[in-house]
1. Between residue 395 and residue 261, how many nm apart are label points set 7 Å from Cα along the C-beta direction?
2. At a Förster radius of 60 Å, what calculated FRET efficiency corresponds to the Cβ-Cβ distance of residue 456 and residue 402, to the nearest 0.05?
3. What Kirkwood radius, in Å to one decimal, follows from the Cα pairs of segment 86-201?
4. Mind pulling up the Rg/Rh value for segment 209-372? Radius of gyration and Kirkwood radius, both on Cα.
5. Starting from the Cα of residue 222, step 7 Å toward the Cβ, then list every residue of segment 315-340 with an amide N under 20 Å from that point.
6. Assuming 0.36 nm per residue, please report the length gained on full extension of the stretch residue 248 to residue 115 beyond their Cα-Cα distance.
7. Separation of segment 69-144 and segment 313-391 by C-alpha centroid, Å?
8. Run the quick spin-label model on residue 196 and residue 293: label points 7 Å from Cα toward the beta carbon, then report their separation in nm to one decimal.
């Protein structure tokens, strides 16, 4: 029994140990798993400091290329995601801008310092993650510097020197708008802009500063001169018032003194008059003494009045002299002020003229360059165009002249052919006319002459048509007596005309004979002898 009990106790003890070992192993495994999970989670959970942006990329869900987190933290899934950081520290960029062309074509130097940094805006953070995630701060600085330099040149090109130099608020506003808009495209934001100094190569800004300084100095000098003038005027007025008041007080004192003396003299005179009235009849000497005293009193009174007038006149003279001296000093001060103002205006105008001359020279060089680029090129093109047009016009004129010559030649050939046809027709007509005359060949020329008589008569009419003949008067008495008619020969004027016509017929026949034609039988015939002399005209008409 004892052995069995001991064996049973040993078996129970061994089974209990095995159970304890199993549960201990399970607990250890659970502890190891928990430790692994804690280590794994602690290594894959990434926290984002305030001066950085946590960019998680890989499988981020949706259409986003990355997920940007500022502050807090996020769990990075292994194998599917990875992460990187982008610094938010400001980047200072020096822009040594030189020779930027302004709106009035003057090159200026605008050295500036820009401070930029990665923005925490969600949209801009995504842009920064896409464009700046794989580059360092130096590369970011160079990229931003190129963008800022271009935008700064663009802003300066839209402003004049005066606007850049005076209206700094507008200048800075344009810079902030343009530069911020461009740097936002790569995820940066503009933090600060510092324009150190603005200069130009031609010295225009310096001339503007000198002109402003000269104007300020001139205004200061004018104000100082005005204050000095006001002080001198005030001093002169105070001196004059003091002199007038002193003179008034002196006159009042003299007046009181004279009134007291007058009262005293009146009282004395009354007492003397009473004494004299009692003693007038007894003492004549008293009257003489009294008269002498009165004369002396009057003389003293007149002398005192004279001295008073002299002193008053002297005081007025001193006051007038002081006023004149103050006025002279004021005039001299105004003259000096006018000289200083004239000198300042002259220097200002000289500086302005020098600056304007520099501007005009620069504009002239620019205009010459522009003309050499635009005008000369257009003139060369125009010259080529004119040469081509002249050649085309010459060819056109040659073709037109050739055509006109051919037309003239054709017209003349046609006219010659027509004239030839007309002459041939006339020759045929003349031949048939001669054949028709038969045995009397003189009839043909006579008919041709008759045909031309209207033209001959027309030519004779043209010869006399321009003669100015008011009227024609014919005297024909119609008598044949000894005293009537022409010369009393018994014939009238008509008879004389017929006689003259008959007398001219031989000459007419001779002219026709020389022309080779015969006159109509109605004009008679002329008998000619063998010697060729003209005989008498046979005026017998054939019925």
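1. 13.1 nm
2. Details: r = 46 Å, r/R0 = 0.76.
My answer for the efficiency is 0.85.
3. 14.5 Å
4. Working: Rg = 36.8 Å, Rh = 23.3 Å.
Using Cα coordinates only, the ratio equals 1.58.
5. 330-340
6. Using 0.36 nm per residue and subtracting the Cα-Cα distance, I get 40.0 nm.
7. Rounded to whole Å, the Cα centres lie 49 Å apart.
8. That separation, rounded to one decimal, is 10.5 nm.
The numbers here are math on the coordinates, done by the rules we state, and not lab data. Keep in mind the model is a prediction, meaning the values are calculated, not measured. Don't worry about glycine lacking a Cβ; one is built from the backbone with ideal geometry, like all the others, and counts go over all protein chains shown.
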